[in-house]
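Undergrad: Mind having a look at this structure? Questions to follow.
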Amino acid sequence: MSRLLLRGGRVIDPEQGVDATLDVLISEDTVAEVGTRLSARGAQVLEMKGLVVCPGFIDIHTHLREPGQEHKETIATGTRAAAAGGFTAVCAMPNTEPVNDNEGITRLVLEKARVEGAVRVFPIGAITRGSKGEELSEYGDLREAGCVAVSDDGHPVADSRVMRRALEYAKAFDLVVTDHCEEPRLSEETCMNEGLVSTHLGLRGEPAVGEAIMVERDVLLAELTGGRAHIAHISTAASVDAVRRGKARGVNVTTEVTPHHLFLTDEEVRESAYDTSTKMKPPLRSEGDRQATIAGLQDGTIDCIVTDHAPHHVDDKKVEFDKAANGVVGLETAVALCLDRLVGEGLVDLPGLVALLSANPARVLGLPGGTLAKGSPADVTVLDLGRNRQVDPSRFESKGRNTPFAGWILKGWPVATIVGGKVVWDDLKR
C-alpha cells in the first residue's frame, strides 16, 4: 500500500472550514487523515513547511483540442500544462474535430486521458449536434459515456427555443447547460470590444450588450424551466448584474470568469500594438466591466475562476488582428496571476481563492474532489506564496504560446500537483 505524508503545511480546505498548520496523509488514491503529528510509518514524506496545501484545483473550461486539432494541443500536452499550473482536473470542451456530440468521441477522450493524461479529464458534450445550434445531442448517451455537462462553447445557442429545450432535456440527466453568451448578429465580423479603443484603432467592435442580452435570456429560461444554466466566461457589468439578480430570485444559475477578463482591458490591444494574444471571445472589455467582474467574485455572484485555455498554432495568430484566431492559453498562468493580483492586492483572501478554484467548480458541475476530507480523492495542489517567477511562454508544457501575460513577474506559484496520490508535477525546492 502506497502512502504519502504531506507534513507541516498550511492546509486550507474551505469546504471543511480548515485553515491551519496540519499534516495530510494519503493512502493509495484517497485522503486517509488530516491532523497534527501524523505517523510517517511506511509513508514517503514531503515537507510542506512554508507552503500552502489545498484541495486539487479544477478548471471547468479547457480546450484540449484532441481529437482533430493535435497541431494546437493534445490531451497529453494539455494535461501536462494543467499539472504544471496546479490543476488536478480539467473539463474538456467539445469543440474538437469532430465535435464531441456523441458517446464515441466522449469515450475516445476518456481513453486518451486514461493512457496519456497527467491529470483527471472530465468531458463536456455538445448542446447541439455539431454545435450548429439546431438539433439537440443525445444527452443520455453523453451522460452515460462520461460527460459532466453540455456546451456549444465557441458558438452561442442563438435559438431561444433550442436553449429552452436543452435546459429541459438536460434536467432529466442532471446535466448543467453551459452557454457561450453572445448575440451573433451584434458580434458578426467583430474582433474586439466596441468602445473608444476600437474606434481609435479602426477595428470593428462587439458591444458589451450583446453578451448581456443572452445572459438575461438564459437566466429567464433557467427560471422558466428549472434547468441548471452556467454562464461561460462572463465579461461585462450588465451580465454580472443579470446573474446576481437571477440568483437573488432563486434561479439555478452559476457563472465563471477568466484571469484575462479580471486583469486586462481593451486598452491592452492598443498598448500591445495589435498583439493577437489580446484577441479572444468574449473580447477584453472596459475598465468598468473589469471592476464589475472583481466585485462579482467578492460578493459571490461569480462562482469560480476558469482558464478558457485555448491554444493555437503560431500560424493562427501571426496574422492581421481581425483575421487571427480567438483565444489565449491559461493553464500555466491562471493560479499565479490570481495569487499575485487578487490575493496579493487584497481583493480576495486566500481561502476565498482556493474555494473559487476547487470547492466551487466541483459543486457547480457535481465533480469529485474540491475538499481534503477523509475519504476524498487524493488530489492536492501545493502553493508557494513567496515564489517569484517571470511568465516565460518558451517554458510552457502546452503547445500554445499565445499569452498576453508574457514577461509578467508574479509572486506566488503552484509548486506541486498530486493526482490520485501520485505526484504529477514537482517544482519543490528541497
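The values are calculated or read from the model by the stated rules, or taken from the named source; none is laboratory data. These numbers come from a predicted model, not from an experiment. Cβ: placed from backbone, ideal geometry, glycine included. Neighbour counts: every protein chain shown.
Undergrad: Confirm whether residue 355 is assigned to a helix (DSSP H, G or I), among the aliphatic types (A, V, I, L, M) and in contact with a strand residue (DSSP E or B) (Cβ under 7 Å, 6 or more places away or on another chain).
TA: No; evaluated as a whole, the condition is false for this residue.
Undergrad: Further question on the same structure: Quick one: in region 91-104, of everything that is out of contact with any Gly (no Cβ under 7 Å at 6 or more places or on another chain) and not polar (S, T, N, Q), which residue is farthest from residue 148 (Cα to Cα)?
TA: 104
Undergrad: I've got another one for you. In region 326-345, what residues are closer than 15 Å to residue 269 by Cβ and assigned to a loop (DSSP other than H, G, I, E, B)?
TA: Result: 326, 327.
Undergrad: Condition first: over 22 Å from residue 311 (Cα atoms) and modelled with pLDDT of 95 or more. Can you find one or more residues in region 397-405 that meet it?
TA: For region 397-405, residues over 22 Å from residue 311 (Cα atoms) and modelled with pLDDT of 95 or more: absent.
Undergrad: Same structure again: Any residue in region 46-64 that is touching a His at 6+ places or on another chain (Cβ under 9 Å), of a type in the set (Ser, Thr, Tyr) and part of a strand (DSSP E or B)?
TA: Taking every residue of region 46-64 in turn, at least one turns out to be touching a His at 6+ places or on another chain (Cβ under 9 Å), of a type in the set (Ser, Thr, Tyr) and part of a strand (DSSP E or B).
Undergrad: Just give me the residues in region 372-393 being within 21 Å of the chain's Cα centre (by Cα) and of a type in the set (Gly, Ala, Ser), in sequence order.
TA: Listed by number, the list holds a single entry, 378.
Undergrad: Out of 36, 30, I need the residue that is free of Cβ contacts under 8 Å to residues at least 40 places away in the same chain, assigned by TED's automatic domain parsing to the domain that holds residue 412 and not small (Gly, Ala, Ser). Which one?
TA: 36
Undergrad: Being surrounded by fewer than 24 Cβ atoms within 10 Å (Cβ to Cβ) and touching a residue at least 60 places away in the same chain (Cβ under 8 Å) narrows it down to one residue among 290, 341, 285; which is it?
TA: 341
Undergrad: Scanning region 33-44 for residues that are surrounded by 13 or more Cβ atoms within 10 Å (Cβ to Cβ) and within 31 Å of the chain's Cα centre (by Cα), which turns out farthest from residue 382 (Cα to Cα)?
TA: Step by step, filter region 33-44, then rank; the result is 33.
Undergrad: Look at region 157-181 and say how many of its residues are more than 19 Å from residue 123 (Cα to Cα) and surrounded by 23 or more Cβ atoms within 10 Å (Cβ to Cβ).
TA: Going through region 157-181 one residue at a time, the tally reaches 3.
Undergrad: Same structure, new question: What do you reckon, is residue 87 in contact with an Asp or Glu (Cβ under 8 Å, 6 or more places away or on another chain) and either modelled with pLDDT under 95 or crowded, with 24+ Cβ neighbours inside 10 Å (or both)?
TA: It is true that residue 87 is in contact with an Asp or Glu (Cβ under 8 Å, 6 or more places away or on another chain) and either modelled with pLDDT under 95 or crowded, with 24+ Cβ neighbours inside 10 Å (or both).
Undergrad: Out of 415, 380, which single residue is surrounded by 24 or more Cβ atoms within 10 Å (Cβ to Cβ), in contact with a strand residue (DSSP E or B) (Cβ under 8 Å, 6 or more places away or on another chain) and in contact (Cβ under 8 Å) with a residue 60 or more places away in the chain?
TA: Step by step, each of 415, 380 is checked, and only 380 is surrounded by 24 or more Cβ atoms within 10 Å (Cβ to Cβ), in contact with a strand residue (DSSP E or B) (Cβ under 8 Å, 6 or more places away or on another chain) and in contact (Cβ under 8 Å) with a residue 60 or more places away in the chain.
Undergrad: Might you check whether a residue that is touching a helix residue (DSSP H, G or I) at 6+ places or on another chain (Cβ under 7 Å), modelled with pLDDT of 95 or more and surrounded by fewer than 20 Cβ atoms within 10 Å (Cβ to Cβ) occurs anywhere in region 353-364?
TA: Taking every residue of region 353-364 in turn, none turns out to be touching a helix residue (DSSP H, G or I) at 6+ places or on another chain (Cβ under 7 Å), modelled with pLDDT of 95 or more and surrounded by fewer than 20 Cβ atoms within 10 Å (Cβ to Cβ).
Undergrad: Could I ask something else about it? Listed residues 138, 97, 144, 73; which is closer than 17 Å to residue 329 by Cβ, acidic (Asp, Glu) and modelled with pLDDT of 95 or more?
TA: After applying the criteria, what remains is 73.
Undergrad: Keeping to region 57-90, report how many residues are closer than 28 Å to residue 376 by Cβ, of a type in the set (Lys, Arg) and in contact with a Gly (Cβ under 7 Å, 6 or more places away or on another chain).
TA: Adding up the residues that qualify gives 0.
Undergrad: To continue, here is another question. Given 134, 111, 116, 103, which one is within 30 Å of residue 413 (Cβ to Cβ) and of a type in the set (Asp, Glu)?
TA: Answer to the selection: 116.
Undergrad: Sort out which residues of region 307-326 are surrounded by fewer than 24 Cβ atoms within 10 Å (Cβ to Cβ) and either closer than 21 Å to residue 359 by Cβ or within 17 Å of the chain's Cα centre (by Cα) (or both), and write them in order of number.
TA: The one that is surrounded by fewer than 24 Cβ atoms within 10 Å (Cβ to Cβ) and either closer than 21 Å to residue 359 by Cβ or within 17 Å of the chain's Cα centre (by Cα) (or both): 326.
Undergrad: Next up: Please state which one of 103, 116 is more than 24 Å from residue 86 (Cβ to Cβ), among the charged types (D, E, K, R), over 20 Å from the mean Cα position of the chain (by Cα) and surrounded by fewer than 24 Cβ atoms within 10 Å (Cβ to Cβ).
TA: After applying the criteria, what remains is 103.
Undergrad: Looking at 273, 373, can you tell me which residue is at pLDDT below 95 and either surrounded by 17 or more Cβ atoms within 10 Å (Cβ to Cβ) or not in a helix (DSSP H, G or I) (or both)?
TA: 273
Undergrad: Give the residues of region 17-57 that are closer than 19 Å to residue 361 by Cα and either touching a strand residue (DSSP E or B) at 6+ places or on another chain (Cβ under 8 Å) or of a type in the set (A, V, I, L, M) (or both), sorted by residue number.
TA: Passing the criteria: 18, 53, 54, 55, 56, 57.
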